[in-house]
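The values are calculated or read from the model by the stated rules, or taken from the named source; none is laboratory data. This structure is a prediction, so every number in the text was calculated from the model and none was measured. Using ideal geometry, Cβ is built from the backbone for each residue, glycine included, and neighbour counts are taken over all protein chains shown. With ligands, DNA and RNA removed, areas are computed over all heavy atoms of the protein, side chains included. Shrake-Rupley method; radii C 1.70, N 1.55, O 1.52, S 1.80 Å.
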Amino acid sequence: MDTISKEDIRKPENIVYKRTELLTDKVMSYCPGCGHGTAHRIIMEVLEEMGIQDKTIGIAPVGCSVLAYEFMNIDMQQAAHGRAPALATAVKRLNPDKFVFTYQGDGDLAAIGTAETIHACNRGENIVIIFINNGIYGMTGGQMAPTTLEGMKSSTSPYGRDIKSMGNPIKMTELVAQLPGTIYVTRQAVHTPANVRKAKKAVRKAFENQKLNKGLSFVEIVSNCNSGWKMTPNQANQWMVDNMFPFYPLGDIKVNED
Amino acid sequence: MTEEILIAGFGGQGVLSMGKILAYSGVMGNKEVSWMPSYGPEMRGGTANVTVIISDERISSPILSSYDTAIILNQQSMDKFEASVKPGGILIYDPNGITRHPSRKDINIYSIDAADEAAKMGMTKVFNMIILGGFLKIKPVVQPEFIHKGLEKSLPARHHNMIPENETAIEKGKDIIKPVFLLN
Amino acid sequence: MSMKELRLMKGNEAFAEAAIRAGADGYFGYPITPQSEVMEYLMAEKPHERTGMIVLQAESEVAAINMVYGGASCGKRVMTSSSSPGMSLKQEGISYIAGAELPCVILNAVRGGPGLGTIQPSQSDYFQSTKGGGHGDYRLIVLAPSSVQEMADFAPLAFDLAFKYRNPVLILSDGAIGQMMEKVELQEQRPRFTEEEIRKNTPWATMGKTPDRERNIITSLNLDSHVQEEHNIHLQAKYREIEKNETRWETIQCDDAEYILVAYGTSARLSQKAVDIARAKGIKLGLLRPITLFPFPTQPIAELANRVKGILSVEMSAGQMVEDVRLAVGDKVKVAHFGRMGGIIPSPPEIVEALESKLIGG
Ligand SMILES: Cc1ncc(C[n+]2csc(CCOP(=O)(O)OP(=O)(O)O)c2C)c(N)n1
Ligand code: SF4
Ligand SMILES: [Mg+2]
């Protein structure tokens, strides 16, 4: 039997997969098992595959991904909490030939930045919004987010989210799908290889839409926050499947083809 | 009497809670106390440290740059804090995981094999109490009865059944701490 | 539970507990480091079951301060807390609250800026806090706690001052004071205002127009500039009254001092240690600690300036309070500033070195 040496494997013609050049060498600061890292990767892969990295501006507001600019090897802006869609609006309008995306957490997009998000969607800005929904404020240490499920514990809902006093979890994705300005609205996940492939296709579609000047594409990625949920990564993914997906079902919500 | 103590190690080693028990014991002994943690994202699995001051007088600064005693539980903290012990002061460390041992000749140095001992006792959770015991042997800044009250106050009621274990660990720490270098 | 209770608490938690005990009616906040413990403590404590106080996590600081505006308009004891980036967002609301002359309590756990900055302790929001902060000519009463005990004591004090002057009161703290634990003596629970008390003590409150009075209107709008100027004159008179009655400070070892440090909050604690270090070296150093930053202890600083050789303002900023110290001192003696920025805490020996190089040597 022929054996293959390491050197053979490393030959360029044998490479079947490699890390995208659009991620820096910096070790990601995310907790092991967190979905942020995978989400970063698929966005960067899509930009690389489309060859638009030199024309893309990413905007990440605060949240665990506030340091996205350390990892994404493209031009990035760091926005105040909630305000990324406002920045993106201006960047795109002033530079219609550029590709613009925001990368927002659920606290950011569904709480403090609801107004900015809704209005960017409603105006149909020709941008991509990537929405990482982990049902919690990861960065600040696990406080309740607008997306936190009923009964779910967090540091500001220590007895579980009580709907009567704290309101209902909000489905931003269904909400923005109502607006004529959005043209593609989908909900994905990145906890299994199959889901990663689907999520990547969705991200690709979103950027293709922007290329065709179709309007706003909104890609939610349901993700775990194992630290904030106080679980191991495996437990967190299982919990996400058992609890988040029934409330936030995966799949396309609005696909406007013309 | 004013004792300015630094406890530094990894996030999961119980550094902050050990400091809290010490501080609460001080309160029970009617002392002035302060407990000042390092805080921030670096606490995620990274290093953690806390400054505890126990005094008979009003405490001026809760934040210090030099200490009477430094209790050091990992290499990073050794690198950062060995130099911060006041001349004539005390450095206590657990040699487990230490690759560069302390080398100063103007302070008293003690070592305590608390990680090993906790593993032997089958109670890795009381690691920090073994360390606390060692410290109290060298610097009895609070009386044992106040330590007991401090444990009661700082542990949630559902953990009170673990107080005896904690006290056993404190006693163990007193037994196993040993001098490495002493000023005459 | 004894009436007065001794506990070991974090500054943020002590403030939250003291607010419940002060008879607060409502807290509205948005998470931000390093003060999230305030809301976390309140949520865990379920004050609704203890006193009826409500706690609500708002969708932003803008929303939170406007919730405070609404609650304050009803004569309720309401409060919010945040840290520097969140405080910037609140400024609009605070200006409206100051303009409408409403009482409320605001905690700012200052962190290093500008922008998102750092989460470490800083005092770089002094100008924003003491000179207005938002638009228009207004002042907040600013209390600067330097211990966990003061974090607890200032909650009821802040509410009392807020209602006495119908003015927002800001507690200017930082992460060091918020995160550290010290011994604290808590005051006993005082009752929340009843509706009768509100109607009687704050007759301006919009609690529903009863037939016996005209309708109440809470507004900061005066389209007639003459009326608006009158309102400004009235506000300024109120601020002068506050300056006369409410200036608070503490002096430590100032009696025989040849040099003085002026420092508040965390810097005052560091400076206290610096005084000990300096005295051990034979330097006669004292400390004046402003407890209120507005009103500022101008008079006591001016008096000290008559008999010392130099004054060092110690702040965790590029030098903001030092401007007020200079106004107080004039050209009587040299005033210098020493500070670290961006969340770096100066060490007490560094303060003594700065004193020696900037004032004693220089
Ligand atoms: C004006 C303002 N308020 C509050 C904060 C503190 N803050 C930083 S990130 C964050 C929430 C992040 O949650 P999310 O958007 O869900 O992102 P995640 O960390 O979960 O990915 C908050 C409240 C801030 N930076 N600025
Ligand atoms: S705190 Fe949560 S969201 Fe942030 S990196 Fe960790 S797992 Fe991810
Ligand atoms: Mg989140």
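The solvent-accessible area of C:K10, taken with every protein chain present and a 1.4 Å probe, is close to 40 Å².
Annotation: amide H of C:V142 within the under-5 Å range of C:L170, C:L293, C:F294, sequence separation 5 or more or interchain, hydrogens built in the peptide plane. Take the accessible area of A alone and of B alone, subtract that of the pair with a 1.4 Å probe, and the total buried over both chains is about 200 Å². Among A:D108, A:D162, A:D8, B:D79, the sequence by solvent-accessible area, most first, with a 1.4 Å probe is B:D79, A:D162, A:D8, A:D108. Across chain B, the relative contact order, built from alpha-carbon pairs under 8 Å that are at least six residues apart, equals 24 percent.
Accessible area, 1.4 Å probe, largest first: how do C:F193, B:F127 sort?
On the way: C:F193 50, B:F127 20 Å².
Solvent-accessible surface, decreasing: C:F193, B:F127.
Annotation: A:D54 carries an accessible surface of approximately 120 Å², with a 1.4 Å probe and no ligand, DNA or RNA atoms counted.
Antiparallel beta bridges, as assigned by DSSP with both residues in segment B:2-181, represent about 60 percent of the total such bridges. For segment B:1-82, the residue among B:V52, B:I21, B:T2 whose Cα projects farthest onto the positive side of the dipole built from Cβ charges is B:I21. Peptides C:80-86, C:202-208, C:67-73, ordered by how many other C-beta atoms sit within 10 Å of their residues on average, highest first, read C:80-86, C:67-73, C:202-208.
Ballpark to the nearest 100 Å², how much total accessible area do C and B bury together, probe 1.4 Å?
Separately minus together, C and B give about 2100 Å² buried.
In segment C:1-50, comparing the full protein assembly with the chain on its own, the residues that lose 20 Å² or more of accessible surface at a 1.4 Å probe are C:L6, C:L8, C:Y30, C:P31, C:T33, C:E40, C:M43, C:A44, C:K46. Looking at segment A:82-235, the DSSP beta bridges with both ends there are about 15 percent antiparallel. Of the whole protein surface, A:T232 contributes about 70 Å² of accessible area at a 1.4 Å probe radius. Loop only by DSSP, 10 or fewer other Cβ within 10 Å of the Cβ. Give me the GluC sites (Glu not before Pro) in segment A:164-258 that pass, ordered by residue number. Filter output for segment A:164-258: A:E257. Sorting B:I176, A:I221 by solvent-accessible area of protein heavy atoms yields B:I176, A:I221, largest first, with a 1.4 Å probe. Among beta bridges from DSSP that stay inside the protein assembly as shown, the antiparallel ones total about 35%. Report summary: the helix-based calculation at 222 nm, which adds -39500 (n - 2.57) for every DSSP H run with n ≥ 4 and divides by the residues of chain C, gives -12500 deg cm²/dmol.
When the accessible areas of C alone and A alone are added and the area of the pair subtracted, with a 1.4 Å probe, the result is around 1300 Å², both sides summed.
With charges only on Cβ, +1 for K and R and -1 for D and E, what is the dipole size of chain B about its Cα centre, in debye, rounded to 20? Could the numbers behind the result be given before it?
Values: 19 positive and 20 negative charges, 37 e Å.
I would put it at about 180 debye.
Across segment A:100-195, the mean sequence separation of Cα contacts (distance under 8 Å, 6 or more residues apart), normalised by length, yields a relative contact order of 25 percent. Near the amide H of A:Q143, within less than 5 Å, lie the amide hydrogens of A:Y137, A:S155, all on another chain or at least 5 residues away, with H placed in the peptide plane.
Quantify, in whole percent, the carbon and sulfur part of the accessible surface of chain C (1.4 Å probe; protein heavy atoms only). Don't jump to the answer; show the numbers that get you there.
On the way: 7080 of 13530 Å².
That fraction is 52 percent.
In chain C, the sites counted are GluC sites (Glu not before Pro) in DSSP loop states with at most 16 other Cβ atoms within 10 Å, and the longest stretch holding none of them, exclusive of the sites, is C:1-187.
Counting only protein heavy atoms and a 1.4 Å probe, the protein assembly as shown has 41 square angstrom of accessible area per residue. Phi angles of segment C:288-295 translate, via the Karplus equation with coefficients 6.51, -1.76, 1.60 and θ = phi - 60°, into HN-Hα couplings of 10, 10, x, 9, 9, 9, 10, x Hz per residue; Gly and Pro are given as x. Rounded to the nearest 20 debye, the dipole magnitude of segment A:166-223 is 320 debye, with +1 charges on Lys and Arg beta carbons, -1 on Asp and Glu beta carbons, and the Cα centre as origin. Close amide H pairs (under 5 Å, H built 1.01 Å from N) link A:Q77 with A:G58, A:I59, A:A60, residues at least 5 positions away or on another chain. Restricting the chymotrypsin sites (Phe, Trp or Tyr not before Pro) of segment A:134-208 to loop positions (DSSP other than H, G, I, E, B) with no more than 13 neighbouring Cβ atoms within 10 Å leaves A:Y159.
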